[in-house]
Every structure is written in structure tokens, then in C-alpha cells.
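S.K.: Okay, here's the structure, questions in a sec.
The values are calculated or read from the model by the stated rules, or taken from the named source; none is laboratory data. Given the structure is predicted, the values throughout are model-derived calculations rather than measurements. Heads up, the Cβs are rebuilt from the backbone with ideal geometry, glycines too, and the neighbour counts pull from every protein chain shown.
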Amino acid sequence: MAKVTVKDIIEKLDLELVSGEEGIDRPITTSDISRPGLEIAGFFDYYPEERLQLLGRTELTFFQKLNEEDKQARMNRLCTDVTPGIIITRNMDVPEELIEASERSAVPVMRSTLKTTKLLSNLTNYLELRLAPTTAIHGVLVDVYGVGVLITGKSGVGKSETALELVKRGHRLVADDCVEIRQEDHNNLVGNAPELIEHLLEIRGLGIINVMTLFGAGAVRSYKRITLCINLENWDSTKQYDRLGLEEEKMKIFDTEIPKLTIPVRPGRNLAVIIEVAAMNFRLKRMGVNAAKQFTQKLQSTILDEHEDD
Amino acid sequence: MIEKKAVVKLKAGLQARPAALFVQEANRFSSEIFIERDEKKVNAKSIMGIMGLAIASGSEVTIIADGSDEKEAVDALAQFLEKEE
């Protein structure tokens with residue numbers, strides 16, 4: 001999982017660091033954010049100390065009404081060893097007690113000019129993106145007619161060669177051999193290449209080629225949402241392959257399911273064309289046209305008609 | 001399925017040439033073989049995957065194999081990485 005530190009959010013969200021600079025490298029482990037209103041009122045039973053704490057106008061106005069002793073005690077309890085940071089919104093004045101407590105326990109205190117709700121949504125978006133679960137999958141990711149197609153299969157089955165043919169036909173390569181996938185929000189898988197091997201393709205006998213310098217900037221993409229998985233496997237004469245296309249196989253990555261097609265590889269089968277057609281057919285299905293279903297309906301009604309005629 | 005941890009001792013780490021040799025070695029086995037470092041898992045039979053990990057000398061990796069010759073595969077590959085040259 002990617003690491004996010006307080007420093008990252010200061011840079012990304014343009015925050016002003018007020019105190020507690022020592023703790024600037026503290027990691028942020030959750031995208032949940034806490035607004036510790038009840039805690040300031042003295043209720044610490046469920047204090048989510050590992051979250052970022054946001055103090056807005058309501059919390060701070062209430063805080064000003066407390067007596068000196070309470071003010072110190074509450075701020076001390078707010079700044080724990082694991083609290084990644086405390087953010088004051090609307091560019092309001094930071095209470096002395098908070099500065100003291102934060103310096104003592106090295107919790108960074110930051111200030112933003114934004115309103116609390118606006119900052120909250122910006123922070124959540126940023127953190128969810130950065131803390132999204134990631135994995136690496138052995139396969140090739142190409143953008144075919146705007147459909148992110150993940151080609152999987154055993155080593156040597158011809159994934160890279162198929163990708164090369166697709167690039168030659170004007171489609172775009174995202175990643176070869178190793179695809180980093182992260183689940184951005186529910187049902188949204190985005191793949192990209194590890195930085196080191198971006199734009200590269202390995203072809204047996206040729207070695208490593210750079211698709212961007214060979215075919216131009218239009219032949220590559222840096223990331224793409226994955227919507228279809230095509231699994232290539234050597235033709236197995238004992239195995240049954242889908243002949244109708246009525247059933248839909250699924251592949252699960254994290255908790256997102258994407259449709260998966262298994263394509264047998266045999267000399268004479270042009271895989272690039274098959275994948276192009278699979279991508280087009282997938283788009284067509286999403287637009288509501290399902291050739292296999294239409295055909296079976298037609299077949300069914302013809303059979304029924306015949307039956308009635310008898 | 002078996003797993004084995006190995007510390008990379010190849011002096012320059014897994015640079016392009018040693019990586020190619022490593023992948024060649026991995027391809028001799030019929031088992032499915034993966035290599036994992038820092039929660040990143042790649043297919044050991046794919047050169048791009050291995051190079052994408054940029055494995056430096058001294059880093060610890062886990063070799064995972066599954067198949068009929070998994071034991072031999074894991075041992076041979078661990079030995080390859082732990083070779084000092």
C-alpha cells in the first residue's frame with residue numbers, strides 16, 4: 001500500500017504548517033477523518049486518534065468557552081502519539097493550548113483557508129486515491145476502442161505479440177507483462193505500468209522495444225480503467241469453449257468483478273482481430289445490443305412457431 | 001505451493017542481464033513461479049515484471065512456486081539470487 005505522510009497533504013492541499021514540525025513525517029493510515037467536537041467537550045471514549053483531526057469554527061468557538069484547565073487537558077488528550085495531524089480550517093487563529101500540546105508531542109498542526117466541509121471532501125478524495133488497495137498482475141493492458149482490456153495467460157502464450165499487433169492497428173499500450181492495479185472506488189479498477197517499464201514491450205527474439213518512440217505518443221497511455229479481461233490459453237482439445245456467448249465468466253480483483261473471456265490460442269487464429277471484436281462486442285453489449293441473446297430469442301420463437309404449425 | 005525467502009547477493013542487484021538469466025532459469029520449470037518484494041508480486045517468468053521490481057543487492061524477496069516441480073524451482077532460483085558474483 002502506498003504511504004502518505006503529513007508532508008504530502010501539506011504540499012497537495014496547500015496547508016500552512018503552524019507547529020509540531022517534528023512530526024511532519026507521520027504516516028496517514030486511513031482516509032477517515034475525524035471532527036473531534038465531542039472530544040473537545042470532554043468525551044474521549046471513542047476518540048479515533050489515528051485519524052486526521054479537523055477543527056472548524058464550531059469546535060473552536062466552543063473551545064473558547066472552556067476554562068483554562070479544561071482547555072489544556074483537552075488539547076493534550078487530542079495530541080496523541082499516533083495522531084497524524086490536526087488541521088484548523090477557515091484560517092482561524094490556532095489556540096495557544098493547542099500549539100503547546102502539539103510541540104510537546106510532535107503532532108503537526110496545520111491551517112487551511114478553506115471551509116471545513118470543502119477541505120474535508122478534498123482530503124477524503126486525495127486520501128482515498130492514495131490509500132487505495134493496489135496489486136500487480138501478470139498480464140498486458142491495452143486500450144482497444146476505448147475499452148481497457150487486460151490480456152492474461154501463461155508466459156509464452158503470446159500476450160506481448162498480441163499487444164504489438166494491436167498497437168500496430170492503432171490501439172494503445174498501457175502496460176506490458178506487469179500491470180499495477182488499484183481499486184479507486186467501488187467497481188473502478190485502474191491499471192498502469194510500473195514506472196521503470198512504462199511504454200516498453202518485450203518480444204521474444206527482438207528483445208525490449210519502446211513503443212512510444214517507435215509508434216509515437218498516440219500509441220501509449222499512462223493509465224486506463226480496466227473493464228474487460230481476456231485470458232489466452234493454449235488450445236486444449238478436451239476443454240469446452242464458449243460457443244454461444246450467453247454465459248458471462250467473471251474475474252475478481254479486490255472486490256470488483258469484471259467480465260472475463262477465455263480465448264484458445266491456435267495457429268491461424270488472429271488474436272488481435274479477436275480481441276478487437278471482443279472489445280467492440282463488449283461495448284455493444286453495454287449499449288444494450290446482445291447478438292447472442294437476440295439470436296436465441298429468434299431461434300426460440302421460430303421453434304415455437306414450427307411447433308404450433310404442426 | 002511452497003515459499004522461500006532469499007536475500008539477493010548478486011553484487012549489482014538484478015540488472016538487465018542477470019534478470020534475463022533469472023527468467024531463463026525460471027522458465028525451465030513447469031510450475032507457476034512468483035517473486036514477491038514489499039507486497040508486490042510478479043511472475044518470475046516475465047522479464048519485464050522482474051525488471052519492474054528493480055531488485056537491489058541486499059534486498060529480501062520471497063519466491064513462491066506452485067506445480068509439479070515447485071521444490072526444485074524454488075531451490076534453484078534462491079540459489080541463483082544468493083550467488084555472489
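The rows are residues; the columns are (1) in the same structural domain as A:Gly148 (by TED's automatic domain parsing); (2) surrounded by fewer than 10 Cβ atoms within 10 Å (Cβ to Cβ).
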residue: A:Gln240; (1), (2): yes, yes
residue: A:Ile253; (1), (2): yes, no
residue: A:Pro267; (1), (2): yes, yes
residue: A:Arg283; (1), (2): yes, no
residue: A:Gly288; (1), (2): yes, yes
residue: A:Gln300; (1), (2): no, no
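Here is a yes/no grid of residues against (1) without any contact (Cβ under 8 Å) to a residue 60 or more places away in the chain; (2) within 14 Å of chain A (Cβ to nearest Cβ); (3) in a loop (DSSP other than H, G, I, E, B):
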{"position": "B:Lys4", "(1), (2), (3)": "no, no, no"}
{"position": "B:Lys9", "(1), (2), (3)": "no, no, yes"}
{"position": "B:Val23", "(1), (2), (3)": "yes, yes, no"}
{"position": "B:Met48", "(1), (2), (3)": "yes, yes, no"}
{"position": "B:Gly52", "(1), (2), (3)": "yes, yes, no"}
{"position": "B:Gly58", "(1), (2), (3)": "yes, no, yes"}
{"position": "B:Ile63", "(1), (2), (3)": "no, no, no"}
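S.K.: Does B:Ala6 meet the test of being small (Gly, Ala, Ser), more than 25 Å from A:Ile181 (Cα to Cα) and buried (at least 22 other Cβ atoms within 10 Å of the Cβ)?
M.R.: So B:Ala6 fails the test.
S.K.: When region A:252-269 is examined, which residues are found to be touching a residue at least 40 places away in the same chain (Cβ under 8 Å) and either at negative phi or touching a helix residue (DSSP H, G or I) at 6+ places or on another chain (Cβ under 9 Å) (or both)?
M.R.: From region A:252-269, those touching a residue at least 40 places away in the same chain (Cβ under 8 Å) are A:253-256, A:258, A:265; that's our starting set.
Matches in region A:252-269: A:Ile253, A:Asp255, A:Thr256, A:Ile258, A:Val265.
S.K.: While we're looking at this one, here's another question. Restricting attention to region A:1-25, which residues are in contact with a helix residue (DSSP H, G or I) (Cβ under 7 Å, 6 or more places away or on another chain), exposed (fewer than 14 other Cβ atoms within 10 Å of the Cβ) and closer than 22 Å to A:Glu97 by Cα?
M.R.: Scanning region A:1-25 gives no hits.
S.K.: Next up: Just need a number here: residues in region A:94-134 that are basic (Lys, Arg) and under 20 Å from A:Glu184 (Cα atoms).
M.R.: Residues meeting the conditions: 1.
S.K.: Still on this structure, please answer the following. So in region A:190-203, with the set limited to residues that are assigned to a loop (DSSP other than H, G, I, E, B) and at the interface with chain B (Cβ under 10 Å from one of its Cβ atoms), which one is farthest from A:His171 (Cα to Cα)?
M.R.: Going through region A:190-203, the residues assigned to a loop (DSSP other than H, G, I, E, B) turn out to be A:193-194, A:198-199.
Pick out the ones that are also at the interface with chain B (Cβ under 10 Å from one of its Cβ atoms) and you get A:193-194, A:198.
Values: A:Ala193: 16, A:Pro194: 20, A:Glu198: 16 Å.
If we take residues in region A:190-203 being assigned to a loop (DSSP other than H, G, I, E, B) and at the interface with chain B (Cβ under 10 Å from one of its Cβ atoms), then A:Pro194 is farthest from A:His171 (Cα to Cα).
S.K.: So, B:Ile33, is that one over 24 Å from A:His199 (Cβ atoms) and either surrounded by 21 or more Cβ atoms within 10 Å (Cβ to Cβ) or within 13 Å of chain A (Cβ to nearest Cβ) (or both) or not?
M.R.: On the way: over 24 Å from A:His199 (Cβ atoms): yes; either surrounded by 21 or more Cβ atoms within 10 Å (Cβ to Cβ) or within 13 Å of chain A (Cβ to nearest Cβ) (or both): yes.
It is true that B:Ile33 is over 24 Å from A:His199 (Cβ atoms) and either surrounded by 21 or more Cβ atoms within 10 Å (Cβ to Cβ) or within 13 Å of chain A (Cβ to nearest Cβ) (or both).
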